[in-house]
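Here the structure is laid out as structure tokens; the discussion comes afterwards.
The values are calculated or read from the model by the stated rules, or taken from the named source; none is laboratory data. Because the structure is a prediction, the values reported are computed rather than measured. Cβ atoms come from the backbone with ideal geometry, glycine included; neighbour counts cover every protein chain shown. To get the accessible areas, we keep the full protein, side chains included, count just its heavy atoms, and leave off ligands, DNA and RNA. Shrake-Rupley method; radii C 1.70, N 1.55, O 1.52, S 1.80 Å.
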Amino acid sequence: MKLTSRSVALVPLVATAAAVVVGATLIAPAPANAATTLGAAAQQSGRYFGTAVAANKLSDSTYTGILNREFDMVTAENEMKIDATEPNQNQFSYGNADRIVNHARNQGKRVRGHTLAWHSQQPGWMQNMSGTALRNAMLNHVTQVATYYRGKIYAWDVVNEAFADGSSGARRDSNLQRTGNDWIEAAFRAARAADPGAKLCYNDYNTDDWTHAKTQAVYRMVQDFKSRGVPIDCVGLQSHFNPQSPVPSNYQTTLQNFANLGVDVQITELDIEGSGSAQASNYDRVTRACLAVSRCTGITVWGIRDTDSWRASGTPLLFDGNGNKKAAYNSVLDALNAGGPGPTTTTTTTTTTTTTTTNNPGPGGCTASVSLNQWGEGFVATIKVTAGSSALRGWTVTTTLSNGTVTNSWSANRSGNSGTINWSNVDYNGSVAAGQSTEFGFQGTGSGSGLNPSCTAS
């Protein structure tokens with residue numbers, strides 16, 4: 001059965017008594033000029049406070065009234081998932097997702113994209129694929145959807161829930177994982193090339209407790225990606241809590257340790273089952289933990305009213321079924337107004353332009369053309385190598401990068417990071433049939449203009 005919001009079950013966490021029993025939190029009175037909505041209160045420290053939205057509820061005046069008033073970031077609950085956006089292979093459907101995106105943008109709100117690659121909620125055609133065909137279909141999906149929404153998305157959950165629960169610390173056994181262990185990296189690189197201005201996040205659940213094997217496994221992956229220049233900007237903690245899976249005592253430690261890797265941390269799907277002062281205290285703890293970590297850039301609750309939640313029987317949200325503010329709402333608002341250190345990173349509006357240049361080959365040689373996506377502080381360049389009248393057994397491309405520095409690259413070997421750079425094929429893309437093409441790419445800081453690529457067959 002397709003769930004309306006999530007399709008995973010919470011795994012009970014082992015918690016200390018200190019994590020299970022949450023005492024009352026003393027909250028200082030809010031200052032006289034305190035913000036009166038969640039979004040405005042979060043903005044005071046440079047953060048956001050968002051919610052998940054369902055397109056079919058946008059006609060509910062109580063629902064949209066709270067949405068428009070309280071939140072400044074929006075995530076589509078299901079409308080951007082794979083089965084919704086590509087129900088048939090290469091036939092994309094954006095109608096319901098566009099309703100949410102357009103509503104948010106018309107209200108001056110930003111949008112988190114959720115999600116580009118996931119083992120769950122795949123359409124039937126994708127479930128029946130495997131191997132190279134599935135890998136290529138996944139990368140095409142990432143590219144097409146991220147390109148369609150380029151410039152409209154603040155951050156993408158590029159890959160969702162790729163690690164297994166339990167003590168193994170292993171990747172989840174899924175059809176995507178069976179295409180090769182580098183599938184997550186490939187998805188992130190495709191997303192960066194498609195929308196270089198969006199933040200790229202890895203998102204998962206049961207990664208809140210720093211001591212757990214799953215948390216450590218995600219941490220090691222992010223650490224590896226950062227060390228090798230794989231484009232990852234943020235980690236999303238879903239943070240679904242209940243009495244069997246409470247807010248861990250080391251939750252702030254988890255946020256901080258991920259932030260120490262040089263990525264933003266975002267609480268992406270927060271809900272906490274309970275009621276009254278106990279629930280309010282838990283929401284306060286989570287909010288204050290985020291405020292204490294400078295790179296915790298925002299919080300999203302997974303729904304608006306309790307009756308909108310995938311866990312409605314647990315009354316886990318900030319508004320009751322009638323749209324009234326709960327004690328948990330007041331605790332979050334007071335915590336946000338108390339403030340904390342602002343994020344160390346800034347969000348800027350980027351303008352992406354694309355230019356293409358091509359050199360002329362000699363007979364039997366090769367051409368090299370570049371498509372350049374340039375924004376304020378950086379760029380992504382995609383180089384297409386095309387064989388001439390004879391097949392290539394190998395190739396070398398030379399570029400000139402006068403005012404920039406390469407930060408990462410893919411599908412080619414390179415000789416340096418700036419100035420004159422020589423690029424050569426890797427083992428899988430050296431052979432190119434006559435008249436056919438292959439591509440490689442790289443990301444950099446500064447300006448990518450004037451690359452002027454030239455190709456030599458080898």
message: Can you tell me the orientation of helix 327-338 relative to the chain, as the angle in degrees between its alpha-carbon axis and the longest Cα principal axis, to the nearest 10?
response: 60
task: Set the Förster distance to 22 Å, then compute FRET efficiency between THR36 and SER61 from the Cβ-Cβ distance, nearest 0.05.
output: 0.60
- prompt: With every protein chain kept in the model, how would you rank GLU86, GLU79 by accessible area, 1.4 Å probe, largest at the top?
  reply: GLU79, GLU86
message: Assuming 0.36 nm per residue, please report the length gained on full extension of the stretch LYS325 to ALA292 beyond their Cα-Cα distance.
response: 9.4 nm
message: At 1.4 Å probe size, with the rest of the protein present, what percent of the exposed accessible area of the chain is carbon and sulfur atoms?
response: 47
- line: Ranking LYS325, LYS199 from most to least accessible area with a 1.4 Å probe gives LYS325, LYS199
- line: Taking 0.36 nm per residue of separation between ARG178 and ASN413 and subtracting their Cα-Cα distance, the length gained on full extension comes to 82.0 nm
message: Quick check: Cα centre of the range 60-74 to Cα centre of the range 38-55, how many Å?
response: 11
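Rounded to the nearest 5, what % of DSSP beta bridges with both residues in the range 38-338 are antiparallel?
10
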query: Taking the highest mean first, how do the peptides 166-179, 300-313 order by number of other beta carbon atoms within 10 angstrom per residue?
result: 300-313, 166-179
message: Under a crude label model (7 Å from the Cα following the beta-carbon direction), how far is THR307 from ALA213 in nanometres?
response: 4.3
query: How large is ³J(HN,Hα) for each residue in the range 205-221, as worked out from phi by the Karplus curve 6.51 cos²θ - 1.76 cosθ + 1.60 (θ = phi - 60°), to whole Hz, x for Gly and Pro?
result: 10, 6, 10, 8, 8, 4, 7, 7, 4, 5, 4, 5, 5, 5, 4, 5, 5
message: Defining a contact as two alpha carbons under 8 Å apart and six or more residues distant in sequence, what relative contact order in percent does the chain show?
response: 14
task: Rounded to the nearest 10 degrees, what's the angle between the helix 61-70 long axis and the longest principal axis of the chain, both from Cα atoms, 0 to 90?
output: 80
task: Search the structure for amide H atoms under 5 Å from the amide H of THR407, placed 1.01 Å from N in the peptide plane, and list their residues when 5 or more places away or on another chain.
output: GLN443, GLY444, THR445
query: Near the amide H of TRP423, under 5 Å away, which other amide H atoms are found, from residues 5 or more places off or on another chain, if H is placed in the peptide plane?
result: VAL397, THR398, THR399
message: With θ taken as phi - 60° and the coefficients 6.51, -1.76 and 1.60, list the Karplus ³J(HN,Hα) couplings across the range 303-311 in order, rounded to whole Hz; mark glycine and proline as x.
response: x, 9, 9, 3, 6, 8, 7, 5, 10
- prompt: Taking H as built 1.01 Å from N, whose amide H comes closer than 5 Å to the amide H of THR75, not counting residues under 5 places away?
  reply: THR51, ALA52, VAL53, ARG112
- prompt: On a 0 to 90 degree scale, rounded to 10, what angle separates helix 95-106 from the longest Cα axis of the chain?
  reply: 70
message: Expected output is a single nm value to one decimal: the length gained when fully extending between SER168 and SER93, i.e. 0.36 nm times separation in residues minus the C-alpha distance. What is it?
response: 23.2 nm
- prompt: Each residue of the range 443-458 in turn: what ³J(HN,Hα) in whole Hz from Karplus with 6.51, -1.76, 1.60 and θ = phi - 60°, glycine and Pro shown as x?
  reply: 10, x, 9, x, 10, x, 5, x, 5, 6, x, 10, 10, 10, 6, 9
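Where only protein heavy atoms count, and the probe is 1.4 Å, what is the accessible area per residue for the chain in Å²?
Values: 17690 Å² over 458 residues.
Here the residues of the chain average 39 Å² of exposed surface.
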message: If I take R0 = 22 Å and measure r between the Cβ atoms of SER449 and ALA133 in this structure, what FRET efficiency does the formula 1/(1 + (r/R0)^6) give, to the nearest 0.05?
response: 0.05
- line: Residues of the range 318-336 with backbone N under 16 Å of the label point set 7 Å from the Cα of SER275 along Cα→Cβ are 318-329
- line: Kirkwood-based Rg/Rh on the Cα set of the range 38-338 evaluates to 0.95
